[in-house]
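Working notes, structure below.
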Amino acid sequence: MGKVYEFPSQQVQGLGYLDKELRKLLESKGADQQLIDFAATQLTDIYAQLSESEQYIFSLTVPAGMSEEDREDLNQQINVGLEGIRQENHAMMVKLVAQLVLAEVRLYQHEHGD
């Protein structure tokens, strides 16, 4: 079976959801469009940094005598392990993104006298 591709990606879907919810929340609190746009831009920038940090890349040299089947099995186990780590950290990272965006919004409001 071939690889399944999802369009848009999960990261794009996640960012779209967060952007929509942030905009609704700020609108409900009476924020003006300039503040809403600032917050959305901060969210996009910070979320992009988060997505980049979740791209794990490393090299591993396997013994020359290892069979192709064992190499594929090892590769699969490593990928499953990395995905587990990414998923465990992702929820915490999204919370930190939200806190950072909120801090940036408060700083923006303070600097602009809102």
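The values are calculated or read from the model by the stated rules, or taken from the named source; none is laboratory data. Note that the coordinates shown come from a computational prediction; the quantities given were computed from them, not determined experimentally. Glycine also receives a Cβ, built like all others from the backbone with ideal geometry; neighbour counts cover every protein chain displayed.
Scanning region 60-114 for residues that are within 20 Å of LEU18 (Cα to Cα) and of a type in the set (Ser, Thr, Tyr) yields a count of 1. Report the residue count in region 33-44 for those that are free of Cβ contacts under 8 Å to residues at least 40 places away in the same chain and surrounded by 12 or more Cβ atoms within 10 Å (Cβ to Cβ). Qualifying residue count, region 33-44: 5.
Residue-level check: of (1) more than 18 Å from VAL12 (Cβ to Cβ); (2) surrounded by 13 or more Cβ atoms within 10 Å (Cβ to Cβ); (3) not charged (D, E, K, R), MET93 misses just (1).
In region 31-42, what count of residues is obtained for those that are farther than 9 Å from GLU104 by Cβ and either among the polar types (S, T, N, Q) or in contact with a helix residue (DSSP H, G or I) (Cβ under 6 Å, 6 or more places away or on another chain) (or both)? Residues flagged as farther than 9 Å from GLU104 by Cβ and either among the polar types (S, T, N, Q) or in contact with a helix residue (DSSP H, G or I) (Cβ under 6 Å, 6 or more places away or on another chain) (or both) within region 31-42 amount to 5. Checked against the criteria, GLN77 counts as more than 16 Å from GLN11 (Cβ to Cβ), surrounded by 10 or more Cβ atoms within 10 Å (Cβ to Cβ) and free of Cβ contacts under 8 Å to residues at least 60 places away in the same chain. Candidates ALA40, ALA103: the one that is at pLDDT 90 or above, farther than 16 Å from GLN11 by Cα and not hydroxyl-bearing (Ser, Thr, Tyr) is ALA103.
Taking the listed residues ASP19, ASP32, ASP45, the one that is in contact with a Leu (Cβ under 8 Å, 6 or more places away or on another chain) and acidic (Asp, Glu) is ASP19, with no other qualifying. The condition of being on the phi < 0 side of the Ramachandran plot and touching a residue at least 12 places away in the same chain (Cβ under 8 Å) holds for only one of LEU18, LEU96, that being LEU18.
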